[in-house]
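Note sheet for the following structure.
The values are calculated or read from the model by the stated rules, or taken from the named source; none is laboratory data. Keep in mind it's a predicted model, so treat the numbers as computed, not measured. Counting neighbours? That spans all protein chains shown, and the Cβs are built from the backbone with ideal geometry, glycine included.
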Amino acid sequence: MSDKLSSSARKVQEALKDKGFDCTVTELPGSTRTAKEAAIAVGCQVGQIVKSLIFKGKKSNTPILVVASGSNRVDVRKIGEIVSESIKMADADFVRKETGFAIGGVPPLGHSERLKTFIDEDLYEFDEIWAAAGNPHALFKLTPDELVKMTDGQIISVKDDN
Ligand code: 5CA
């Protein structure tokens with residue numbers, strides 16, 4: 001029941017409901033702080049975990065959300081080419097400010113501001129995937145199509161092949 005969720009997870013559950021998604025946030029006893037821990041907690045492959053990573057333009061400071069498969073390392077050069085600016089990983093304070101959530105629980109929706117978003121094409125290898133839901137114990141299950149709809153992101157290759 002959503003009234004048993006902690007406030008950070010409830011924020012995500014409400015964002016899902018407001019946007020018309022029939023996804024249920026679950027808070028688990030074990031840690032879901034990392035993609036590996038999250039995969040163990042729900043019994044799926046690491047690749048099925050959606051990492052919601054915040055980057056920023058080195059000059060503009062524009063926040064960029066990359067939702068990546070848990071088994072992929074993001075190649076910042078690929079994203080940088082598309083946005084025509086070098087980007088770097090954001091620090092914890094920037095993540096908190098731009099999303100309203102702390103690292104380890106950043107969800108793909110429900111942020112303070114709308115974020116320019118890129119989606120890892122490899123997530124389409126799976127019928128079902130799992131995303132963070134506000135804190136390092138909360139997840140929800142969704143489909144890649146739902147992820148695209150809820151983020152309005154662009155599907156690209158983000159994987160660092162090196
Ligand atoms: N709940 C899990 C599974 S959904 C989760 O949020 N995983 S995550 O990968 O999306 O978020 C953790 C990510 O935050 C790490 O992969 C790492 O890229 C990033 N991160 C961890 N520590 C820091 C830090 N100090 N500064 C910036 N980014 C960090």
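Within the span defined as region 46-58, one or more residues are at pLDDT 95 or above, over 22 Å from PRO136 (Cβ atoms) and surrounded by fewer than 19 Cβ atoms within 10 Å (Cβ to Cβ). Checking each residue in region 28-38 for being within 12 Å of the ligand (Cβ to nearest atom) and farther than 11 Å from ALA131 by Cβ picks out LEU28, GLY30, SER31, ARG33, THR34, LYS36, GLU37. Residues in region 32-55 that are of a type in the set (Val, Ile, Thr) and assigned to a strand (DSSP E or B): ILE49, VAL50, ILE54. When each of GLY153, GLY47, GLY110, GLY100 is tested for being within 30 Å of ASP22 (Cβ to Cβ) and within 11 Å of the chain's Cα centre (by Cα), the lone residue that passes is GLY110.
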